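Reading through the structure tokens given below for one structure.
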Amino acid sequence: MILDKIVAEKKIEVEQIKKPRNSLISKLTEETITLIAEIKKASPSKGIIKPDFDPVLQLKAYLKGGTDAISILTDKKFFQGSKEILRRLRKKTRLPILRKDFIIDSLQVYESFFLGADVILLIAAILEEVKLRNLLDTAHSLGMEALVEVHNLNDLKKALTSGARIIGINNRDLQDFTVELSTTERIVNELVRMNLKDKYYLVSESGIKTRNDIEYLKKLGINGVLIGESLMRAEDPVAKIKELFSCK
């Protein structure tokens, strides 16, 4: 009898673990452009971005500003992030959380699940087609979503054959870290040419700093933007969000 009670309790615990994740796609379907606000202390190209880094205060500012989702850098060596930051902030918001890291193995996908991430970043440039597809399938099997990041047409080809639903267009070249917002336009134009644009949710990443940038991306038909540096450097992130998005 005691064993039966223990097993019954474990079934309840497992159901809690398997409860549905918060959906980024549900945010990207909204009419207004979706903001994914990023929390990061540093980057390899810019060094320390936020000397007085406090992820909890940053999250509070983003929530007050009306962000739709949160991106958290968990890479320690190059971005001075940590998995613990994601674990802590998971308890403080029900918004979708994207784990932004360099995921190359299925173990990292499972790790992301137990850290509390709703979405993982998969970078097409560092993954072979089969590996990308397998990692994406693993994420979906756990009820998670994945943002498949592309920078050029070769990356885009991988994304299109992977089963991706969300395509992130990184305006930053990961080889030399140069940034061109027109990268988004080139990828969008290719999707239009292939008559595939409406089949995916599109997120523009990197180099987004002004209201004019947002308007430019809106005209391209982008569903969302991921903004990190300009929000992290802002003295008042709430005011910066309002500056970028008058509707927020």
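The values are calculated or read from the model by the stated rules, or taken from the named source; none is laboratory data. Not measured: the values here are computed from a predicted model. All Cβ positions, even for glycine, are placed from backbone atoms using ideal geometry, and neighbour counts span all protein chains on display.
Scanning segment 1-22 for residues that are charged (D, E, K, R) and either part of a loop (DSSP other than H, G, I, E, B) or within 21 Å of Phe102 (Cα to Cα) (or both) yields Lys18, Lys19, Arg21. Of the residues Ser112, Ser106, which is among the polar types (S, T, N, Q) and touching a strand residue (DSSP E or B) at 6+ places or on another chain (Cβ under 9 Å)? So the residue among Ser112, Ser106 that is among the polar types (S, T, N, Q) and touching a strand residue (DSSP E or B) at 6+ places or on another chain (Cβ under 9 Å) is Ser112. Restricting attention to segment 23-44, the residues being in contact (Cβ under 8 Å) with a residue 12 or more places away in the chain, outside any helix (DSSP H, G or I) and surrounded by fewer than 19 Cβ atoms within 10 Å (Cβ to Cβ) number 5.
Taking the stated definitions as given, is Ala159 surrounded by 23 or more Cβ atoms within 10 Å (Cβ to Cβ), under 20 Å from the mean Cα position of the chain (by Cα), of a type in the set (Gly, Ala, Ser) and modelled with pLDDT of 95 or more? Reasoning before the result, please.
Numbers: surrounded by 23 or more Cβ atoms within 10 Å (Cβ to Cβ): yes; under 20 Å from the mean Cα position of the chain (by Cα): yes; of a type in the set (Gly, Ala, Ser): yes; modelled with pLDDT of 95 or more: yes.
Considered against the rule, which asks whether it is surrounded by 23 or more Cβ atoms within 10 Å (Cβ to Cβ), under 20 Å from the mean Cα position of the chain (by Cα), of a type in the set (Gly, Ala, Ser) and modelled with pLDDT of 95 or more, Ala159 comes out as yes.
Summed over segment 196-248, residues that are of a type in the set (S, T, N, Q) and surrounded by 13 or more Cβ atoms within 10 Å (Cβ to Cβ) total 4.
It is to be established whether one or more residues within segment 166-175 are acidic (Asp, Glu) and modelled with pLDDT of 95 or more. No, segment 166-175 contains no residue that is acidic (Asp, Glu) and modelled with pLDDT of 95 or more. The residues of segment 75-99 that are crowded, with 21+ Cβ neighbours inside 10 Å and either charged (D, E, K, R) or assigned to a strand (DSSP E or B) (or both), listed by number, are Ile97, Leu98, Arg99. If you go through segment 87-122 and keep only what is closer than 20 Å to Leu35 by Cα and basic (Lys, Arg), you end up with Arg90, Lys92, Arg94, Arg99, Lys100. From the list Phe102, Phe113, which one is aromatic (Phe, Trp, Tyr), assigned to a helix (DSSP H, G or I) and without any contact (Cβ under 8 Å) to a residue 40 or more places away in the chain? Going through Phe102, Phe113 in turn, the sole match is Phe113.
Consider segment 45-56 and keep the residues that are hydrophobic (A, V, I, L, M, F, W, C) and part of a loop (DSSP other than H, G, I, E, B). The one that is nearest to Ile227 (Cα to Cα) is Ile49. Residues that are within 15 Å of the chain's Cα centre (by Cα), of a type in the set (D, E, K, R), part of a loop (DSSP other than H, G, I, E, B) and under 21 Å from Ser141 (Cβ atoms): does segment 57-74 have at least one? No: zero hits.
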